[in-house]
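Data block below; observations after.
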Amino acid sequence: MGRWIFRLLAMLALFGTVFAAWFWWDMRGWKPDEARYPEQGAVIASGASGTRFQTLKALGGDFVYLELASVGGAPDPGFAARLKAAQASGLKVGVIYPFDPCRRADPQSARFTRMVPRSADLLPPAVALRNPADGCASPVSDAAVESELLTLVNQIEMHAGKSAVLKLSKTFQSRYNAARTFSRDLWLMRDRARPDYAGRPWLLWSVNSQLVSAASPDPIEWVVVQR
């Protein structure tokens, strides 16, 4: 009996390993059917280099969001050049600012307004909400995080002239319930499986966080629009 249990456990472990390897390999190039999601695009991380925006468009991309470096992040002198190249490619272009719950809103919105030009051609700005304030050097209350986030969103919207989209992680939603507090369009994230953690419909979905393609030397985040 002991030998049979050992063999069964070994087979289950082998099956799990094979499935994980297949899933990893399949996800490298997986995108949803364009018939179901006609509008698809990508996110280019702050500091990324070598992105071929024309190739991204040829691969079925309709839009691209460029991530802006946060106030406390590493400098990104290449942002302006990436923005110019993305706009020249014919893709629709937007900008994501990653909210830092440990910092006040004013310096964060100043970074956005300084780096992102006022332009009616840009897509609605996105604010990325990733981690709660647990790792801050000084304690920050939930109420303070929500207050600074509201200020930041309002200031970015005033600059852009458009309502912002909240790119909301499951962790941030679980802590602050931002989907209920803020009446903005949502951008959710979950590889392959449709996300449902916000409790209301979403506009954008990051379907694959590590898409391998000819458009970039590094994996990119692939996104679809729900209409």
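The values are calculated or read from the model by the stated rules, or taken from the named source; none is laboratory data. Keep in mind the model is a prediction, meaning the values are calculated, not measured. Quick reminder, even Gly has a Cβ in these numbers, built from the backbone with ideal geometry, and neighbours come from all protein chains shown. Keep in mind that these areas ignore ligands, DNA and RNA; they rest on the heavy atoms of the full protein, side chains included. Shrake-Rupley method; radii C 1.70, N 1.55, O 1.52, S 1.80 Å.
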Give me the dipole magnitude in Debye, nearest 20, for the chain about the Cα centre, with unit charges on the beta carbon: positive for Lys and Arg, negative for Asp and Glu. 320
Of (1) 12.6; (2) 15.7; (3) 21.1, which one was derived for mean projected area of the Cα convex hull in nm² from the structure shown? (2)
Only Lys, Arg, Asp and Glu count, each charged at its Cβ (+1, +1, -1, -1), so figure out the dipole size of the range 48-104 about its Cα centre, rounded to 20 debye. 120
Using a 1.4 angstrom probe on heavy atoms only, work out the carbon and sulfur share of the accessible area of the chain in %. 58
For the range 27-180, whose charge dipole is built from +1 on Lys and Arg Cβ atoms and -1 on Asp and Glu Cβ atoms, the candidate among 54, 107, 96 with its Cα farthest towards the positive end is 54
Beta bridges by DSSP in the chain, antiparallel share as percent, to the nearest 5: 30
Of 84/170; 92/170; 31/57, which ones are farther than 24 Å apart at the Cα? 84/170; 92/170
Only helical DSSP H runs with n ≥ 4 go in: add -39500 (n - 2.57) per run for the chain, normalise by residue count and round the 222 nm mean residue ellipticity to 500 deg cm²/dmol. -11500 deg cm²/dmol
For the full complex of protein chains and a 1.4 angstrom probe, list 114, 184, 28, 103 by accessible area with the highest value first. 114, 103, 28, 184
So how exposed is residue 33, as accessible area in Å² (1.4 Å probe, rounded to 10)? 100
What is the sum of charges around residue 61, taking Lys and Arg as +1, Asp and Glu as -1, for the other residues whose C-beta is under 15 Å from the C-beta of residue 61? +1
Can you give the local net charge around residue 178? Use residues other than it whose beta-carbon is closer than 13 angstrom to its beta-carbon, Lys and Arg +1, Asp and Glu -1. +3
If you restrict to DSSP beta bridges whose two residues both lie in the range 103-227, what percentage is antiparallel, to the nearest 5? 35
Which cross-chain or sequence-distant (5 or more) residues have an amide H under 5 Å from the amide H of residue 128, H modelled 1.01 Å from N in plane? 97, 99, 167
Just to confirm a number: summing +1 for Lys and Arg and -1 for Asp and Glu over residues other than residue 146 whose beta-carbon lies under 12 angstrom from that of residue 146, what do you get? 0
